[in-house]
Structures are given as structure tokens and as C-alpha cells.
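A short write-up of the structure that comes next.
The values are calculated or read from the model by the stated rules, or taken from the named source; none is laboratory data. Because the structure is a prediction, the values reported are computed rather than measured. A quick note on method: Cβ atoms are made from the backbone with ideal geometry, for glycine too, and the neighbour counts reach across all protein chains shown.
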Amino acid sequence: MVNKGLERVIKLLLHNREVAAKKRVKEERDELEHMANMIQLSNDVETKKVSFDGIDAIWLKTPGVEAENIIIYLHGGSYTAGSFNSHKDLVQRLSREAKCRVITIEYGLAPEHPFPKGLNDVIKIYNWLINEEKFNPNKIVIVGDSAGGGLTLATILKLRDLGIKLPAAGVCLSPWTDLAFTGESYYDKNIIDPGITLDDLMFSANLYIGNNDPKNPYISPVYADLKGLPPLLIHVGTVEKLLNDSTRVAETAKKAGVNVTLKIWKEMIHVFQAYAVLIREGEESIKEIGSFILKNIT
């Protein structure tokens, strides 16, 4: 039996750990938002905030989009950070290249909202779009980067398992698909990614997963049976810790009979498309993504 003194010490240590975690998450969120504020949307971009069942989302459209063509965008941020604001430049570029309206979902983030809150939020918005807003699933593509890329696959898996009509395609930019950290590229010292550290990823994964199994396919889609998924496009760089998350999930999809295209960009870092304003390859990747989307919704 634990004595009263030790019990108080344990409670104090756990409280301090919780406070430190929240402080770290806040700092990471603030840093991401600060970087995002350095880039502004173009004057010809229109945005509109909407809410459904307590879930916020942002519509964005650029000139020349087809109103019925929809991208559901799931931002990255290790399931603990990120927003429309942090990804607005990437989203506006995708809208232009794919001629689509984009809805970015502000899904629940850990530690306030661990798994499965974020996944459930996306499922709710998807159902709202097709059942109440009457959008055609054949005109919808789900796109996500990093954690949002893993969530893209998890969402499509969940829709399949629920028997809900699937979107036309899925696009993953450097997806985080293995929160059990079994891929070699996480530990390969030759792979140096300035954008993320293994410590940061493990910290966020712990907050997101909670007491769940990290190999749950809705958490780590690399362990899923991907049979029946729509066409997938995966872009990843050679210089990133999540490289094997892409190569392994692509191989899993291929073995399951999925039409999957994997492109590995030489010397590119994690989600290099987010820096398209500075990196030519980021711009090229977005153009290829736009072509893929147009091919699959027309």
C-alpha cells in the first residue's frame, strides 16, 4: 500500500509533467503560427469560416476553381499543432493547381483532444459535405501533410470500414504512418531532417495515442489492410525521418491492389511543398499533385 507522503509526491510529479507538456505544446503552436504570419494570402483568394457540430473549418477558393470540385485538406503538426493559418500558402497553391475549392478542417488536437477525436471530426465533416451539402464524393479528394497525411489514410480507411462512399482519391505529403516508430529512417544517422526531431515526434505521439495501441491502423495506417482504397499519390523527400513511412505504406497499398503512385524527391526535406515560395521542387510537386487531382475528379 502506497503511503500518503509518497502518494502526494507522485501526484505532484505527474502534475508537473502535465504542466511541462502543455507548455511545450503551446510553444510549438506559437512558433508554427509565427512562421505562418510571415506569409499572407494573395488578394484574389476568398475564405469563409464554417462550423458543423462544433467543428470549425475554413473554405478557400482561388479564381477559376470549379465549384463542385473539393479538396478536404488535413494539416500537419504532429497531431498537437497546426491550423488553416499555418498551412494557408500551401492550401492556396493547391487550390490554383487543382482548380478546386479547399476546406481545411480544424480537427481536434492533443493533448486536449487525443485519438480518436481528430479522426472523428474529419469523418463528421466528410459526412456533412456529402449528405447535407450534397457534394459528390467522386469530386472530392482528401489531401494531408505529415500527421495530416497519416490522417488522410486513416480517414479513408474508416470511411471504407463504415461503408461510406469513398472520395475520388487521396494525396499524402510526407505522411506520418507509423507511430510505433519501427521504420529504419527514424534512426538512420545519414538522414538529417532540420524540420523535425525524433524526440519531438515521440513526444507528440505519446500525447496523441494515449493508452491506445500505436499499431492501431487508424493511428498508424502502415499496419492496415488497405484493400479497396481509391487511387493514392504519395510525395516524400529523401532527407527526412519519415521516408520509410511513405515507402512502406506505398508497398502495403500496392500489395493490397491499390493504384498507388509514390514519388521520392531527391534531397528534399519534410513537407518541402510548404516552402514552395522558396523551393522550386515544392512548386513542381504541387503542380504534379494538381494534375493528379484533376485526373481523378474529371
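May I ask you to list the residues in segment 281-298 that are closer than 11 Å to K99 by Cα, of a type in the set (A, V, I, L, M, F, W, C) and surrounded by 18 or more Cβ atoms within 10 Å (Cβ to Cβ)?
Listed by number, the residues that qualify are I293, I297.
Any residue in segment 263-290 that is in contact (Cβ under 8 Å) with a residue 24 or more places away in the chain and under 19 Å from T62 (Cα atoms) sitting within a Cβ distance under 8 Å of a residue that is in a loop (DSSP other than H, G, I, E, B) and among the basic types (K, R)? List the pairs, counting only those 6 or more apart or interchain.
If the second residue must be in a loop (DSSP other than H, G, I, E, B) and among the basic types (K, R), the pairs left are G290/K99.
When the residues of segment 96-115 are filtered to those that are over 20 Å from A205 (Cβ atoms) and within 17 Å of the chain's Cα centre (by Cα), which remaining residue is surrounded by the fewest Cβ atoms within 10 Å (Cβ to Cβ)?
Residue satisfying both the conditions and the ranking: E106.
May I ask you to list the residues in segment 174-184 that are assigned to a loop (DSSP other than H, G, I, E, B) and among the acidic types (D, E)?
D178
Return yes when Y126 is within 23 Å of P231 (Cα to Cα), of a type in the set (F, W, Y), out of contact with any strand residue (DSSP E or B) (no Cβ under 6 Å at 6 or more places or on another chain) and touching a residue at least 12 places away in the same chain (Cβ under 8 Å) and no when it is not.
Yes: the conditions hold for Y126.
Looking at segment 73-87, is at least one residue under 20 Å from I286 (Cβ atoms), buried (at least 24 other Cβ atoms within 10 Å of the Cβ) and aromatic (F, W, Y)?
Within segment 73-87, one or more residues are under 20 Å from I286 (Cβ atoms), buried (at least 24 other Cβ atoms within 10 Å of the Cβ) and aromatic (F, W, Y).
Answer with yes or no whether I264 is over 24 Å from I164 (Cα atoms), in contact with a helix residue (DSSP H, G or I) (Cβ under 7 Å, 6 or more places away or on another chain) and surrounded by fewer than 19 Cβ atoms within 10 Å (Cβ to Cβ).
No, not satisfied.
Residues of segment 221-241 being at pLDDT 95 or above and among the hydrophobic types (A, V, I, L, M, F, W, C), which ones?
V222, A224, L226, L229, L232, L233, I234, V236
Looking at K134, K158, K99, K88, can you tell me which residue is among the basic types (K, R) and within 27 Å of T252 (Cα to Cα)?
Among K134, K158, K99, K88, only K158 is among the basic types (K, R) and within 27 Å of T252 (Cα to Cα).
So if I check each of Y208, Y275, Y186, which one is closer than 30 Å to K22 by Cβ and modelled with pLDDT of 95 or more?
Y208
Might you let me know whether segment 144-160 holds any residue that is closer than 16 Å to F52 by Cβ and of a type in the set (S, T, N, Q)?
Yes.
Quick one: would you say I140 is within 25 Å of G282 (Cα to Cα) and either among the acidic types (D, E) or surrounded by 18 or more Cβ atoms within 10 Å (Cβ to Cβ) (or both)?
Yes; evaluated as a whole, the condition is true for this residue.
Kindly indicate the residue of segment 189-214 that is of a type in the set (D, E, K, R) and in contact (Cβ under 8 Å) with a residue 12 or more places away in the chain and also surrounded by the fewest Cβ atoms within 10 Å (Cβ to Cβ) among those meeting that condition.
Filtering segment 189-214 for residues that are of a type in the set (D, E, K, R) and in contact (Cβ under 8 Å) with a residue 12 or more places away in the chain, the one surrounded by the fewest Cβ atoms within 10 Å (Cβ to Cβ) comes out as D200.
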